[in-house]
1. Can you list residue pairs whose Cβ atoms sit under 7 Å apart, with the first residue in the stretch 100-113 being under 25 Å from Ala256 (Cα atoms) and in contact (Cβ under 8 Å) with a residue 40 or more places away in the chain and the second being among the β-branched types (Val, Ile, Thr) and in a helix (DSSP H, G or I)? Count only pairs 6 or more apart in sequence or on different chains.
2. Out of the stretch 636-665, which residues are among the aliphatic types (A, V, I, L, M), open to solvent by less than 60 Å² (accessible area, probe 1.4 Å) and closer than 24 Å to Val424 by Cα?
3. Could you tell me whether the stretch 549-556 includes any residue that is modelled with pLDDT of 85 or more, within 60 Å of the chain's Cα centre (by Cα) and either within 30 Å of Lys502 (Cα to Cα) or among the small types (Gly, Ala, Ser) (or both)?
4. Quick check on the stretch 476-510: of everything there that is within 13 Å of Leu551 (Cβ to Cβ) and among the aliphatic types (A, V, I, L, M), which residue is surrounded by the fewest Cβ atoms within 10 Å (Cβ to Cβ)?
5. When the stretch 546-569 is examined, which residues are found to be touching a Phe, Trp or Tyr at 6+ places or on another chain (Cβ under 8 Å) and either farther than 20 Å from Asp486 by Cα or of a type in the set (Val, Ile, Thr) (or both)?
6. Which of the residues spanning the stretch 598-626 are of a type in the set (Asp, Glu) and within 10 Å of the chain's Cα centre (by Cα)?
7. Tell me which residues, restricted to the stretch 463-473, are touching a residue at least 40 places away in the same chain (Cβ under 8 Å) and either open to solvent by 40 Å² or more (accessible area, probe 1.4 Å) or among the β-branched types (Val, Ile, Thr) (or both).
8. Kindly indicate which of Ala271, Ala244, Ala238 is among the hydrophobic types (A, V, I, L, M, F, W, C) and surrounded by fewer than 14 Cβ atoms within 10 Å (Cβ to Cβ).
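The values are calculated or read from the model by the stated rules, or taken from the named source; none is laboratory data. All of these numbers come straight from a predicted model, not from anything done at the bench. With ideal geometry, Cβ positions are generated from the backbone for all residues, glycine too; neighbour counts draw on all protein chains shown. Accessible surface is based on the protein model in full, side chains and every heavy atom, while ligands, DNA and RNA are left aside. Shrake-Rupley method; radii C 1.70, N 1.55, O 1.52, S 1.80 Å.
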Amino acid sequence: RTAAARLRCSHDARARDRSATMRCAIFLAGAAAVQLETQMNANPIRRVVSMLQSMQKKVEKESEEEEALFAKFECSCETSTKELTASVADEKQQIDDLSTAIETDSAQKKQVDEELVRHKAERDEANKVVAEATSLRKKENKDFESESADLKANLEAMKKAIAAIEKGTSSAFLQTTDGAALLKAVSGAADDDKETITDFFQQGSQGAGSDEIVGILKTMVEEMAERLADIEKAEAEAVANFEALSSAKSKEIAAATEAIEEKTARTGELAVKIATDSNDLKSVQGALAADESYLEELTKDCAEKKKLYEEAKQTRADEIVAIADTIKILNSDDALELFKKSLPSTSLLQVQVTSKELRTAALEALEGHKGSVNLDLIALALRGKKKGMEEVTGMIDGMMNQLHNEQKDDDAKKTYCSDEIDKVEDHIKEVKIQIASVKAHIADDEDAIQTYKTQIHELTKSMKELDKAVAAATEQRKAEHQAYVDEAAQNQAALELLEFAKNRLNKFYNPEQYKEPEPEQLSEEERVEQAYSFVQTSHSKQNSNGVMHLLDMLRNDLKLEMNENKMEEEQAQKAYEKLSSDATAKRSASAESLADKESALAAAEGELLDLKVELKETNGDHMEAKQTESNLHAECDFLIANFEARKQARDDELEALDKAKAVLAGADYSFVQVSEVKFLSK
């Protein structure tokens, strides 16, 4: 833009110089014409004054036009400078805001990342504590179950041994399974007690020794019962502590997981925002550099143009003063009278017949090419008296050289204009193609960004719905399990009640199948009822089989139902565990996909910003190319449109000059009609 402005300014200066030269040539030609027509005018100098006055008006009009054009240019400079200055200030503020935002978000992201690492460590530690506590709880429970079973078996054996001793069947007791259990139970007793008990059962002793053995056994029963109660209490406390720990850690794990998900989403959002702000900062910095450079260039161009205008303005003012002074000099009464007396008369022209004939012949050679300043100057020289033939011939040679040089300049200028216009038009086409390509990529990125946002929304929605579904399934599973536990307890109670009822009937109808319950402390009334029941044994024996069969059917149905419930519970638990596993896998895949989509979204948004910067730069390139094309057309269109006409005019002018030169050199010019009257009439 600067080079083009300077070129136009230089071109304008040369045009003004040529205009002044042309006006001077016209003035000289007019003056010469006035000299040749003195015989027809009483005071021909007035025509010169009229021409000078016309020149003065023309110069003043051109000065006014240039002043109006410069006023518009200066207004454009001021407006553009204000807009660019405001744009630069706004861009600097944007850079400060974006830099502050990036710094703040980066610090916040660093803090969120540190918190994310801490939450993950806390969750891992809580999971580790739960795993260790679960392993320890299983071991403790296994030890409890083993010791509890041993104590219960030992207690049962000792109670049966005491009953056997009291019934007097101790010698045969050791041969039974319970006897072996008894020996195992007393193995942990003191050596004396263990030996006494073993000898007693092996020898079958009775009497006073049996009371001692019963006492020892009852003492051991009491100790074992206390031990069993202690370990059951310890087990209950351990279970309660484990459940409390598990509950607390589960809440801690849930809170950590929720915090991890929240912090993960937050750090992703911050990363996207930082990337977007960084791209914006880069774009604004590029725009600021371009605007500052253009502002500096514009300020320089405007100042240079103003300087050139002031110089041209002063030149025109000097020209107007010069013309006005000349008019004042020539238009005075004394000057008019002086010129009237001093101008040559017709008689002076008539004495130089031979010289005039030669000049007339040369003028006849130029006659058919009026309208050329160069030819008019030669004609003026031929009509004048001051210059000799050699000088006129030199003028003709100089003008012919000038015409040849001007034609060379036009040829070179035409070639330059054609080449430059073709180049800029090709460049404009390329820029348009590039703009269309960038716009297409922008449209693709905008579609991709919208797609990513939709997918992210759908994934987030899907994950929330999945979490809700898993939570609902968990609540349903808990309710189903509790219902199963309650129903199992009821069925077990019913089964035990049926077993008890059948055993009670067997005591009356089938004593051999009766199982003696653990001894209880009976009241007097219960003992009488029990004794009375033995008396009633034979009254209803014929109906016992149907009742027993019915009880067995009920027991079998109940067991079948309990087995079916257990199977359904196991299947439901497996289905729930599979659902949880599938949901966890799906959520993990969705979270991974969400992170990928968010990363792709950030990349697409960054690329979109780069494309918009590229589009802005390409549009600026396009505008600059269009301005260059406009400047070239303004500079070249007139030359290209009038090239052939200008060339033909120069050729005609050269031909006329060549003929005139030949005449003056003494060539045969008999084709010219020489007449003094004709010459004078001119």
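1. Asp105/Ile274; Ser106/Ile274; Lys109/Thr267; Lys109/Ile274; Val112/Thr267; Asp113/Thr267
2. Quick first cut of the stretch 636-665, residues among the aliphatic types (A, V, I, L, M) only: 639-641, 645, 649, 654, 656-657, 660, 662-665.
Next, from what is left, pick out any that are open to solvent by less than 60 Å² (accessible area, probe 1.4 Å): 639, 649, 654, 656-657, 660, 662-664.
The answer is Leu639, and nothing else.
3. From the stretch 549-556, those modelled with pLDDT of 85 or more are 556; that's our starting set.
In the following step, the residues that additionally are within 60 Å of the chain's Cα centre (by Cα) were identified as none.
So far as the stretch 549-556 goes, no, none of its residues is modelled with pLDDT of 85 or more, within 60 Å of the chain's Cα centre (by Cα) and either within 30 Å of Lys502 (Cα to Cα) or among the small types (Gly, Ala, Ser) (or both).
4. Step one: filter the stretch 476-510 for residues within 13 Å of Leu551 (Cβ to Cβ), giving 494-506, 509-510.
Retained after the next criterion (residues that are among the aliphatic types (A, V, I, L, M)): 494-495, 497-498, 501, 505.
Numbers: Ala494: 15, Leu495: 16, Leu497: 11, Leu498: 17, Ala501: 15, Leu505: 17.
Per the criteria, the residue is Leu497.
5. Of everything in the stretch 546-569, just one residue is touching a Phe, Trp or Tyr at 6+ places or on another chain (Cβ under 8 Å) and either farther than 20 Å from Asp486 by Cα or of a type in the set (Val, Ile, Thr) (or both), namely Met548.
6. From the stretch 598-626, those of a type in the set (Asp, Glu) are 598, 605, 607, 610, 614, 617, 621, 624; that's our starting set.
Of everything in the stretch 598-626, those that are of a type in the set (Asp, Glu) and within 10 Å of the chain's Cα centre (by Cα) turn out to be Glu605, Glu607, Asp610.
7. First, the residues of the stretch 463-473 that are touching a residue at least 40 places away in the same chain (Cβ under 8 Å): 463, 466-467, 469-470, 473.
Asp467, Ala469, Val470, listed by residue number.
8. Details: Ala271 fails: surrounded by fewer than 14 Cβ atoms within 10 Å (Cβ to Cβ); Ala238 fails: surrounded by fewer than 14 Cβ atoms within 10 Å (Cβ to Cβ).
Only one candidate passes the filter, namely Ala244.
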